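The structure appears below as structure tokens.
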Amino acid sequence: MAIMYALKSSDNEIFEVEQKVIEQSETIKKMIEDGAATGEIPLQVSSKTLAKVLEWCKQRQHKTVENENDDNKGKRKKERDEDDDIKEWENKFSDELKADKDVLFDLLLASNYLDLPALLSFLCQLVADMVAGKMPEEIRRMFNIENDFTPEEEKAITAEHGWAFQP
Amino acid sequence: MNRQHQPHVSPSATDYSSFDFNVRPSKRRGSYNCGRCGLPKKGHNCNISTPTASTPSATPTPSDSSAVISAPTSLSASRPPRHQHYSHLRRALSFDNIDLSCESPEPDSVYEETVDPDPIVSGGLPAGVLWEVLRRLPPAGLLAAAKVCKGWRETTRRLWRAAEELRLRVPMRAQVGFIGSILQKCPSLVRLSLRMESDVDATMLACIAFSCPNLESMEIYTADTAINRITGDELGRFVADKRCLTSLKMEGCSNLGGFVLCSSSLSTLWLSDLYSLSKMIFNSAGLRGLRMLSLVLGSEITDASVAAIASTYSKLELLDLSGSSISDSGIGMICNVFPNTLSRLLLALCPNITSSGIQFATAQLPLLELMDCGMSICDPNSQDSNSDENCDVELQKAFNNKLHLIYQKLIIKHCRLKKLSLWGCSGLDALCLNCPELNDLNLNSCRNLRPDTLLLQCPKLESVHASGCQELLIGTVQSQVNSNFAALENQYPFKRSADGSKRIRVPHSFNQASDEDMKRRRVERRLCNVVVD
């Protein structure tokens, strides 16, 4: 019988999750080890984001369990199929996130806070892919950043890297 | 992934994370000292147990905005020192198809090196996360990111500073200033690889020497449009100056002339396109540590040069004299000097060597694992053969039979050889290989190799490249490779009788188990791949 934990989101929604699934989060794992996690575990993550995080964790969990059950026979082919499945799932996952940048950034911060290295690195790559090839102005719009350079500073930077923006 | 336990971001930098991208993050930054015992956090493993109350999410920081997430600094204190995790992590960024990578600068140490006590975080991302995002950008993206805002500029600056490896494509119109401005950003560069589309000259070399004090590996590749003007003297000065340099690769060395290289650190030297190499001067004291030497496409490299190489470097593990004019006697010298060290020998495009030289090398160099003799044993009548290519097979065969006396045979028996390349050896008509470790054989365009004189006894072969070979030969390769395999299996159902004189077939019921085994083995064994275009 799997041990279940209750996670409470910042907007007070409760998520029942298996221990194995949430232990991927170093932060929560630590809390459980320290005995801090009796009853509900309150997290500073919105329910919408937390649902996404758990979706990721369950998919990862699924993968590791299946690998353990495999014996050597025909492993190669199976692994390849599995990899394809995971790729497909990840593509779908990232397409959803790309469509809704708010969710993406929420998730990025949540994965940082919950210390989920795999998710964090996946998301950072996703964001990097979105940033790559964009002009500074487009990046600012994407992240909602204000340009805090003075015109002089901006000029100096452009002079320094003028060639970077040449075709 | 076994990076599970590596925190990807510096918790000490994650104090200020706000969804409101316009709000300047708080001035406060994570403490360098452990929250519990007060000792400096770097390299510190706190042994004071974590009080439950300080556990990060058990006590969510009350905040006026629900959007603020704070990752507590105490998180890092109970963990082993971060730099141990990071030390083997590599960072890679790419520039066009070419990258910049830096050996894992742990964000912590990077922050510490800055005097500014207030590292700016912006774009709504915690500094550590921003670092993780930006380090995945290609250099061009990184330069664009530097223009976004001050916080991003700062992070990109740190990324450049931390970079240890840079791969850069230098566009045609770029001036020395281009390389200079990039190299100035990365003083800790250890490995530099340049793909030059503009000309290469001594000024650039001086710029590299000046900007990268710790350079260990330098590669310069030249595009067709670029001219490499570096002379032997200039290269000699560079090598003498760079005391850490262990590996030097340079393409397009057509203006090198002669050269004298002196370096106690250099272990790999790869120079290509040595068309006009007038004289080879090997300073015997110069490169004592050399392990790998490639002098490619130097038609002036002769047996005399081999003698000089052989008398100078006694510990070569790799020798690549592809495109040289050496002959079998040069191979003989190589065999005399390097029997105990040489594991890779590349003699592609050496028209003066013959199959007996190659046979001799394989017989005399017991450590050999890789041998490339591509385009060396060429058909003396290649022009005729070429014109024959469109004729039907029968005609060509008749033609070949008539000429086969001048074709060469190659017999190699070697217990270590793993890779053998005979691509374009159209002068070969017979090949016999007994190489138990061989796993890759390249016979592309060995178009005069005859199926009836081919013998492959190489049980570990994984791929044979045979495009441009005779149809029949491809069939023979396939069947021989598979019979190697079959022979292995046929051993199973037989058992020696008591007197040892005769083999009898074991009744079927006896070896059901082994049958299962075999099936299993058949599945697991990777079948040899015969690759044809």
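Taking label points 7 Å from Cα along the Cα-to-Cβ direction, B:C415 and B:Q364 give a separation of 2.1 nm. Inter-label distance, B:D233 to A:Q19: 7.6 nm, where each label sits 7 Å from its Cα along the C-beta direction. Extension gain for B:D201 to B:S329 (0.36 nm times residue separation, less C-alpha to C-alpha distance): 42.4 nm. For A:Y5, the amide hydrogen comes within under 5 Å of the amide hydrogens of A:V17, A:E18, A:Q19, counting only partners 5 or more places away or on other chains and with H modelled in the peptide plane.
Peptide B:147-160 shows a mean partner chain C-beta count of 4 within 10 Å per residue C-beta. Derived scalar couplings between HN and Hα for region A:18-34 equal 5, 4, 4, 5, 7, 5, 5, 7, 4, 5, 5, 4, 4, 4, 5, 4, 6 Hz in order, rounded to whole Hz, by the Karplus curve 6.51 cos²θ - 1.76 cosθ + 1.60 (θ = phi - 60°), x for Gly and Pro. Please report how far the C-alpha centroid of region B:416-451 lies from that of region A:20-35, rounded to the nearest whole angstrom. One Cα centre to the other: 58 Å.
A cut-off of 5 Å between modelled amide H atoms, ignoring neighbours fewer than 5 places along the same chain, links B:L454 with B:L431. Computing FRET efficiency as 1/(1 + (r/R0)^6) for A:D148 and B:E462, where r is the C-beta to C-beta distance and R0 is 56 Å, gives about 0.45. Take each residue in A:143-156, count the other chain C-beta atoms within 10 Å of its C-beta, and the mean is 4. The interface between chain A and chain B buries about 5000 Å² of solvent-accessible area in total (1.4 Å probe, ligands and nucleic acids excluded). Across region A:118-132, the residues whose backbone nitrogen lies under 17 Å from the label position 7 Å along the beta-carbon direction of A:H62 are A:119. Entry comment: accessible area of region B:158-282 is 40 Å² per residue, from protein heavy atoms only and a probe of 1.4 Å.
Spin-label model, A:K155/B:L455: points 7 Å from Cα along the beta carbon direction are separated by 8.2 nm. Residues whose amide H lies under 5 Å from that of B:I220, counting only those 5 or more places away or on a different chain, are B:L194, B:K249, B:M250, B:E251; hydrogens are built 1.01 Å from N in the peptide plane. The HN-Hα couplings worked out from phi for region A:92-102 by the Karplus form 6.51 cos²θ - 1.76 cosθ + 1.60 (θ = phi - 60°) are 5, 4, 6, 4, 4, 5, 4, 5, 10, 5, 4 Hz, whole numbers, x standing for Gly and Pro.
The values are calculated or read from the model by the stated rules, or taken from the named source; none is laboratory data. This one's a predicted model, so the numbers in the text were calculated from it and none came from an experiment. Note that we place each Cβ from the backbone using ideal geometry, even for glycine, and neighbour counts take in every protein chain shown. Quick note on the areas: whole protein, heavy atoms, side chains included, nothing else; ligands and nucleic acids left out. Shrake-Rupley method; radii C 1.70, N 1.55, O 1.52, S 1.80 Å.
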